[in-house]
Amino acid sequence: MIEMAPSLLRKTFTLREFARLIAPLDGDSSLDGPLRWRTILPKVARARSAHPSDPSQDDVIDPYRRPNEVYQQMVGELVPAVKSLIDWEHNYR
């Protein structure tokens, strides 16, 4: 869908990509406070440019109409990313 609005690419991340890029910023005191999510986006966008990755590291398998094992693979791909984002949020409360 990013093809429809290419200018949004710098603000658009997969869940796994965002979790991967936010991890090195843990402990950054400039991210304290209520606007931390607004502050983090430009930093994560810069990190994407500085540390490009293989897109397959950030994609999630599509389980639609596939066996249960594929759903389990999708869960295995998403849960660590969600957990790291929750942990990050808890560190800045």
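The values are calculated or read from the model by the stated rules, or taken from the named source; none is laboratory data. This structure is a prediction, so every number in the text was calculated from the model and none was measured. Every residue, glycine among them, receives a Cβ derived from its backbone with ideal geometry; neighbour counts consider all protein chains shown.
Restricting the search to segment 3-55, which residues are hydrophobic (A, V, I, L, M, F, W, C), loosely packed, with under 12 Cβ neighbours inside 10 Å and under 19 Å from residue 81 (Cβ atoms)?
Hit for segment 3-55 is 37, nothing else.
For the chain, which helices (runs of 4 or more DSSP H) that fit wholly inside it have 3 or more residues that are without any contact (Cβ under 8 Å) to a residue 24 or more places away in the chain?
Working: elements: 15-22, 36-50, 68-91.
The qualifying helices (runs of 4 or more DSSP H) are 36-50, 68-91.
Does residue 78 fit the bill of being at pLDDT below 90 and not charged (D, E, K, R)? First the steps, then the outcome.
Values: at pLDDT below 90: no; not charged (D, E, K, R): yes.
In short, no.
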